[in-house]
Amino acid sequence: MLRECLASLSETSYPNFEIVVVDNASTDESISMVRQEFSEVKIIQLSSNKGYAGGCNAGIVTSEESDYIVLFNNDATAEKSWLTYLVEKMEADKSVSACQPKILSAKNRNVFDYSGAAGGMLDKYAYPFARGRIIATIEKDENQYDSETELFWASGTACILRNSALKEVGLLDETFFAHMEEIDLCWRMQLRGNKIGFVPESRVYHLSGATLSSDTFKKKYLNHRNSVLMMLKNYSLGSLVKLLPGRVIIDIIAMAYSLIVLDMNRFNGILAAFLWIILHPVYILKERAKVQGIRLVSDREIRRNMFDGSIALSYYLTGKKRVSDHRNR
């Protein structure tokens with residue numbers, strides 16, 4: 001996968017960029033391959049697996065003089081012009097701090113990829129979805145989301161970040177390890193009044209789930225824990241009082257359903273997520289204080305870009321499985 005990824009990026013038509021590979025303590029011959037076949041690539045080797053967040057941060061801090069940072073998964077490839085379109089968008093609108101391309105499936109380029117699709121959205125209970133993908137329903141790309149629009153989050157599969165904005169809001173939260181750390185980052189950017197954009201002309205192809213299967217306990221645990229952690233960090237106290245009880249109820253419903261269908265990985269993942277939250281109040285309060293300290297924008301303003309309800313309950317109870325079927329507010 002890494003060979004295909006780097007071969008694709010090497011064909012990028014944009015003239016002024018550097019490729020940095022962060023090695024998260026791999027145990028195969030990936031780095032030897034990179035040295036032999038892609039000598040122009042800069043390599044950063046970590047002594048232990050820092051997860052997606054820690055790995056990306058290691059790359060970001062070596063690129064402090066760059067105007068833009070691009071996060072790009074090793075199980076993805078891109079069209080030659082992908083980066084040109086992203087940079088043009090960032091140059092044209094200085095209020096945009098992060099932007100993502102259209103992300104399509106590497107297995108079937110006519111359908112959206114699970115991890116980002118045509119741009120990340122969030123419901124008010126911090127459950128993420130994307131234009132072109134809700135829960136397990138993935139849409140065919142029929143140009144229905146080809147208009148440039150404001151998103152809630154840009155996918156870590158492939159996204160461009162304004163470096164000056166990173167210096168204002170901080171890097172990815174390494175406690176997340178993997179999953180939703182880019183959503184947390186984009187939420188912080190919006191707390192500063194910045195926008196998250198989408199460029200449909202830029203196209204990336206992703207082999208979703210190649211790193212960690214969607215059925216594993218670890219993935220379900222990280223997704224639920226990090227989602228609640230985002231709420232606790234980024235919402236105002238008033239919003240938390242109103243919304244956190246509803247989130248707990250939805251997760252209890254999910255646990256009950258998991259027992260009925262014998263999905264023990266999901267049941268144990270949700271349970272472990274809440275145990276972690278309960279056992280780490282000091283960390284949560286410290287992180288919350290830091291995030292609220294950079295706030296310039298109210299929750300009322302930020303929630304204009306959220307789905308005003310539970311996307312999961314709406315999906316299962318109404319049968320509406322396309323983003324276009326749901327009212328955003």
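No lab work stands behind these numbers, since they all come straight from the coordinates. None of these values were measured; they are calculated from a predicted model. With ideal geometry, Cβ positions are generated from the backbone for all residues, glycine too; neighbour counts draw on all protein chains shown.
Below are the figures for this structure:
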read-out: Around Ser13: net Lys/Arg minus Asp/Glu count, Cβ-Cβ under 10 Å; value: -1
read-out: Around Phe267: net Lys/Arg minus Asp/Glu count, Cβ-Cβ under 15 Å; value: +2
read-out: Fewest-first sequence of Arg295, Arg266 by Cβ atoms within 10 Å of each Cβ; value: Arg295, Arg266
read-out: For the range 1-138, size of Cβ-based charge dipole, Lys and Arg +1, Asp and Glu -1, in debye; value: 580
read-out: Local electrostatic count at Met33 - Lys and Arg +1, Asp and Glu -1, tallied over other residues with Cβ under 13 Å; value: -3
read-out: DSSP beta bridges in the chain [antiparallel fraction, %, rounded to 5]; value: 60
read-out: Between the range 258-277 and the range 225-244, the Cα center-to-center distance that results, in Å; value: 20
read-out: The chain - charge dipole about Cα centre, Lys and Arg +1 at Cβ, Asp and Glu -1, debye rounded to 20; value: 1380
read-out: Per-residue ³J(HN,Hα) for the range 117-125, Karplus 6.51 cos²θ - 1.76 cosθ + 1.60, θ = phi - 60°, Hz, x for Gly and Pro; value: 6, 9, x, x, 10, 8, 8, 5, 9
read-out: Dipole axis of the chain (+1 Lys, Arg; -1 Asp, Glu on Cβ), positive-most option in Ala106, Ser8, Ser147; value: Ser147
read-out: Loop-located GluC sites (Glu not before Pro) in the range 45-146 whose Cβ has at most 11 other Cβ within 10 Å (DSSP); value: Glu64, Glu65, Glu142
read-out: Isotropic mean projected area of the C-alpha convex hull, the chain (nm²); value: 16.2
